[in-house]
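J.: Sharing a structure here in structure tokens format.
The values are calculated or read from the model by the stated rules, or taken from the named source; none is laboratory data. As the structure is a prediction and not an experimental result, all values here were calculated from the model. As a convention, Cβ positions derive from the backbone with ideal geometry for all residues, glycine included, and neighbour counts pool all protein chains shown.
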Amino acid sequence: MSPGELGGAVPGLDAAISLQRPGFSLDVDLAAEPGEVLAVLGPNGAGKSTLLGVLAGLLRPDAGHVRVGGTVVTDTATGVHVPAHRRGVGLLAQQALLFPHLSAVGNVAFGPRAAGVPRREAERRARELLADVDVAPLADRRPAQMSGGQQQRVALARALAPGPGLLLLDEPLAALDVDATPAMRSLLRRMIRDAKQTAVLVTHSALDALVLADRVVVLTGGEVVEQGPTRDVLTRPRSPFTARIAGLDLVPGTACAQGLCTEDRTVVSGRNDGATVPGERAVAVFPPSAVAVYAEPPHGSPRNLLPIRLAAVEPRGDVVRLRAGAVDGGPEWVDGLAADVTPAAVADLEAEPGAALWFVVKATEVSIHAASS
């Protein structure tokens, strides 16, 4: 049973949503082509869960519409609001939330049975899906007899069993342990791609977005601040949040002839992407691995020299991340910038929180491109 089999061809998604709550507003337009996976990223409080609630039919927007394929499931102008259990939307959340009194096959067969599929056919389909997610031997076990990773596999099969036109993935890997996560991520990719499933993925993980999503939408304060193909957004971030989850350093400012000019008139030299013109809002982006750290300002080839006060030392496997803080009277935008160095370099620098150091980045390692609105 492919996505949409209970209700037609594989649909896409079109939504324009406006919702007001005390101290918060959501104003979002988004779309997904049939079979496309759209990742929604954003900091806590950005509106990601509220967006999923509206798409699922659990929340009514103040204005706007939601269309799944050619079916209008929400339209405030005409009063249409299809309830959650009838709109052909599946949900896979952080917690499996399986019915504790039902076996794995009973959990998976529940959706098709609720849609009127005969019991024998629903159970046959359930066992096929349990085999697809590699837990066929657990078909007759109840959730309490399964590990967290096994429960999440059953939950994925249950979400797919009714052939939903739209699959909502609410941080489905966040509650798994580190050993179970890679296998579940690969399974999600295989199942979604093989089924050509249209899906919306909410995640805080750049890796999840890169592996699973075709496009990315970034929410901040209830609004879309950037969007585009996944790799483009994560390698060319235009907002501080996106840069942070992508593991990159970002400096905001305006484009100038030399690269980027910050609000305090510091010039950050870099390579312009060709799409920015002097005076436009822009960002300078570079990886922490491109940052050299010195106890004294060096001399030589064109570089960006940034005085910093060391705020934190963070061991990360084979490297150590040095986190910058602003020096007295120095630029405030250096706060939070990171440099990845070897443990030997940390020892040579005698790098301890509070130490005065210099972050140095070659202009060739810095990319300048337009900022988010």
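J.: Residues in region 114-133 that are crowded, with 18+ Cβ neighbours inside 10 Å and of a type in the set (D, E, K, R): how many? Spell out the reasoning first.
T.: Of the residues in region 114-133, the ones crowded, with 18+ Cβ neighbours inside 10 Å are 117, 122-123, 125-126, 129-130, 132-133.
Filter once more, so that each one left must be of a type in the set (D, E, K, R): 123, 125, 132.
The number of residues fulfilling the criteria is 3.
J.: Quick one: which helices (runs of 4 or more DSSP H) lie wholly within region 204-276 and hold at least 2 residues that are crowded, with 22+ Cβ neighbours inside 10 Å and under 13 Å from the mean Cα position of the chain (by Cα)? Break it down stepwise before answering.
T.: Working: elements: 206-212, 230-235, 240-245.
Helices (runs of 4 or more DSSP H) meeting the threshold: 206-212, 230-235.
J.: May I pose another question? Among (1) assigned by TED's automatic domain parsing to the domain that holds G57; (2) over 24 Å from E123 (Cα atoms), there is one condition T242 misses while meeting the rest; what is its number?
T.: Failing condition for T242: (1).
J.: Kindly evaluate V285 against the criterion of being under 25 Å from the mean Cα position of the chain (by Cα) and surrounded by 14 or more Cβ atoms within 10 Å (Cβ to Cβ). Before you say what the answer is, go through the steps one by one.
T.: Numbers: under 25 Å from the mean Cα position of the chain (by Cα): yes; surrounded by 14 or more Cβ atoms within 10 Å (Cβ to Cβ): yes.
The answer is yes for V285.
J.: Just checking, which of D140, D134 is modelled with pLDDT under 95 and either within 24 Å of A56 (Cβ to Cβ) or in the same structural domain as V211 (by TED's automatic domain parsing) (or both)?
T.: D134
J.: Here is a further query. Among the numbered conditions (1) without any contact (Cβ under 8 Å) to a residue 24 or more places away in the chain; (2) closer than 26 Å to A183 by Cβ; (3) among the aliphatic types (A, V, I, L, M), tell me where L234 comes up short.
T.: That leaves (1) as the condition not met.
J.: Confirm whether P315 is touching a Ser or Thr at 6+ places or on another chain (Cβ under 6 Å) and either within 15 Å of D249 (Cβ to Cβ) or surrounded by fewer than 19 Cβ atoms within 10 Å (Cβ to Cβ) (or both).
T.: When the stated conditions are applied, P315 does not pass them.
J.: Next question. Limited to region 264-283, what total is found for residues that are under 23 Å from A356 (Cα atoms) and touching a residue at least 12 places away in the same chain (Cβ under 8 Å)? Can you show your working first?
T.: First, the residues of region 264-283 that are under 23 Å from A356 (Cα atoms): 264-269.
Still in the list and also touching a residue at least 12 places away in the same chain (Cβ under 8 Å): 264, 266, 268-269.
Qualifying residue count for the region: 4.
J.: What are the residues in region 174-188 that are free of Cβ contacts under 8 Å to residues at least 40 places away in the same chain and surrounded by 15 or more Cβ atoms within 10 Å (Cβ to Cβ), if any?
T.: Selection gives L176, A180, T181, M184, R185, L188.
J.: How do the helices (runs of 4 or more DSSP H) wholly within region 34-140 filter down when requiring 1 or more residues that are more than 25 Å from F24 (Cβ to Cβ) and touching a residue at least 60 places away in the same chain (Cβ under 8 Å): which remain? It would help to see each step written out before you state the result.
T.: Details: elements: 48-56, 104-114, 119-132.
Counting at least 1 such residues, we get 104-114, 119-132.
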